[in-house]
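To keep things clear, I will list the structure first and then write my remarks on it.
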Amino acid sequence: MGVSDHKCLACNAMLKFDPKSQKWICEYCGTEYTLKDFENDEGNKINTKTSKASKVNGYMQYHCPDCGAEIVMDENTAATECVYCGNTAIITERFEGEFEPKRVITFKKTKEEAIEAFCDYKKGKIFMPKDFLNKDNIEKVTGVYIPFFLYDMIVDGKLDVEAMNEKRWTQGDYRYVKKDFFKVLREGTMTFEKIPTDASKKFSDDIMDSIEPFNYDELTKFNSSYMSGFLAEKYDLNSNDLISRAEGRAKQTTRDVLYSDIGGYNSKKIVSYIGNANIQGTPEYVMLPVWMMNVKYEDKIYTMAMNGQTGKFIGNVPVSKAKVAGMWLGLTILLTTIIIFVSLIV
Ligand SMILES: [Zn+2]
Ligand SMILES: [Zn+2]
């Protein structure tokens with residue numbers, strides 16, 4: 001199994017992709033490289049290839065070409081980092097054949113911007129335990145390329161709704177209620193382009209859905225060199241496994257659009273909905289950038305994520321019981337004061 005990393009031609013230090021300049025920059029001497037340098041790298045001077053990975057007890061193991069440390073990865077890891085020296089190892093076979101992504105959106109947001117977003121997020125959370133987002137946890141922020149399939153789809157939707165208008169009035173000793181019922185039908189066709197579905201079991205669907213949308217105009221031809229400085233996974237759910245999820249999202253959107261088009265009634269409820277989805281062409285396999293932070297707190301893992309292209313941030317955090325109790329105490333005292341005050345006036 002081939003493991004490759006990228007080395008500076010001037011000083012042999014490691015190269016990492018820089019989201020700001022969209023170039024590869026040597027961390028040691030500052031020499032910059034562009035994609036052309038990697039493409040013309042016939043003698044593999046920048047792309048250093050090592051083939052030391054071997055399978056031990058179901059896990060892949062290799063020796064870091066820089067420091068010699070032993071690195072273990074699971075069967076889906078496509079790019080990883082040596083925990084001892086920080087060198088990126090790109091497992092080239094996991095980006096080949098059926099696993100070759102067609103395109104990639106490269107990281108546009110830097111690690112510093114991700115850390116800033118995590119710190120800003122922390123500010124507004126008054127119930128978050130103080131030690132939850134400490135310096136050690138924030139530094140665990142990692143850039144990950146996550147495998148996605150993008151589906152193009154046409155959905156024909158047919159919605160049957162019962163709507164009602166109500167009128168009330170009084171005449172003499174009688175109160176009248178008049179209810180008019182309507183059967184409303186809506187049919188429509190919606191075209192969807194690039195419905196994203198994350199193709200790795202490792203990442204929560206909810207979180208991946210929440211950091212959308214990505215701007216697909218910035219998709220560019222895949223090159224494994226973009227992975228340097230980041231982690232990456234290959235898919236473990238293929239495009240067939242994910243069809244029903246992608247179809248489900250498209251059908252639901254179609255239903256919601258048809259439903260919201262029905263107006264002018266006091267109430268409405270769905271009687272039935274039929275959505276037929278037709279996939280257009282072959283789903284495209286792409287890599288999308290996400291900054292992630294997993295924090296273990298009192299035996300639970302909390303995940304925070306930021307869209308590596310747009311900066312959209314989402315997270316869930318633990319709630320400190322002590323802080324909530326303090327708040328209630330504060331409220332109780334305030335209420336008591338007001339009650340006493342009011343009774344004194346009376
Ligand atoms: Zn250098
Ligand atoms: Zn190393």
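Each reported figure results from applying straightforward, stated rules to the coordinates on display, with no laboratory input. If you're wondering where the values come from, they're calculated on a predicted model, not measured in any experiment. Cβ coordinates were reconstructed from backbone atoms using ideal geometry, including for glycine residues, and neighbour counts include every protein chain displayed.
Computed on the chain, with alpha-carbon pairs under 8 angstrom and 6+ residues apart, the relative contact order is 22 percent.
Screening the chain for whole DSSP H helices of 24 Å or more along their axis (Cα) with average Kyte-Doolittle hydropathy at least -1.0 returns 243-260, 321-345. Within a straight-line Cα-Cα reach of under 20 Å, K312 can be paired with the following lysines, leaving aside sequence neighbours fewer than 8 residues apart in one chain: K20, K108, K109, K111, K122, K123, K125, K140, K194.
With Cα atoms as the point set, region 1-54 shows a radius of gyration and Dmax of 11.5, 36 Å.
Can you work out the FRET efficiency for the pair V56 and L237, with r the C-beta to C-beta distance and R0 = 30 Å, to the nearest 0.05? The calculated FRET efficiency here is 0.70. Over region 3-95, the pair-distance histogram of Cα-Cα distances with 10 Å bins from zero comes to 16, 48, 30, 6, 0 percent, rounded to whole numbers. Projecting the Cα atoms of S244, A199, G143 onto the charge dipole of region 143-286, computed from C-beta unit charges around the Cα centre, puts S244 farthest toward the positive end.
For the options G68, G315, G143, a Gaussian network treatment of the chain with springs between C-alpha atoms closer than 10 Å singles out G68 as fluctuating the most. Of all segments of the chain bounded by chymotrypsin sites (Phe, Trp or Tyr not before Pro) found in a DSSP loop with no more than 15 other C-beta atoms within 10 Å, the longest spans 128-346. The antiparallel fraction among DSSP beta bridges confined to region 143-286 stands at about 95%. Computed from the alpha carbon positions, the gyration tensor of region 143-286 leads to an equivalent ellipsoid with semi-axes of 46, 16, 12 Å, biggest first.
Each part reduced to its alpha carbon centroid, region 26-86 and region 176-245 end up 31 Å apart. Straightening the chain between R168 and E96 buys 19.0 nm, computed as 0.36 nm per residue apart minus the Cα-Cα spacing. Of the residues D261, D160, D236, which exhibits the maximal mean-square fluctuation in a Gaussian network model of the chain defined by a 10 Å Cα contact cut-off? In the Gaussian network model the winner is D261. The amide H of L231, built 1.01 Å from its N in the peptide plane, has G143, V144, Y145 as neighbours under 5 Å, considering only residues 5 or more places off or on other chains. FRET efficiency for the pair T142 and V271, taken as 1/(1 + (r/R0)^6) with r the Cβ-Cβ distance and R0 = 56 Å, rounds to 0.70. Is region 74-231 best put as rounded, prolate or oblate by its Cα gyration tensor, with a ≥ b ≥ c the root eigenvalues, rounded for a/c under 1.5, and otherwise prolate when a/b is larger than b/c, oblate when not? Oblate is the answer for region 74-231, as a/c is 1.5 or above yet b/c matches or exceeds a/b.
Over every Cα atom in the chain, the radius of gyration and the widest Cα-Cα span, Dmax, amount to 27.5, 99 Å. Taking 1.306 mPa s as the viscosity and 10 °C as the temperature, the Stokes-Einstein diffusion coefficient of region 173-258 based on its alpha-carbon Kirkwood radius rounds to 92 µm²/s.
About the centre of its Cα atoms, region 203-314 shows a dipole size close to 280 debye [charges on the beta carbon of Lys, Arg (+1) and Asp, Glu (-1) only; nearest 20 debye]. One quarter of the convex hull surface built on the alpha carbon atoms of region 129-199 amounts to 12.8 nm², the projected area averaged over directions.
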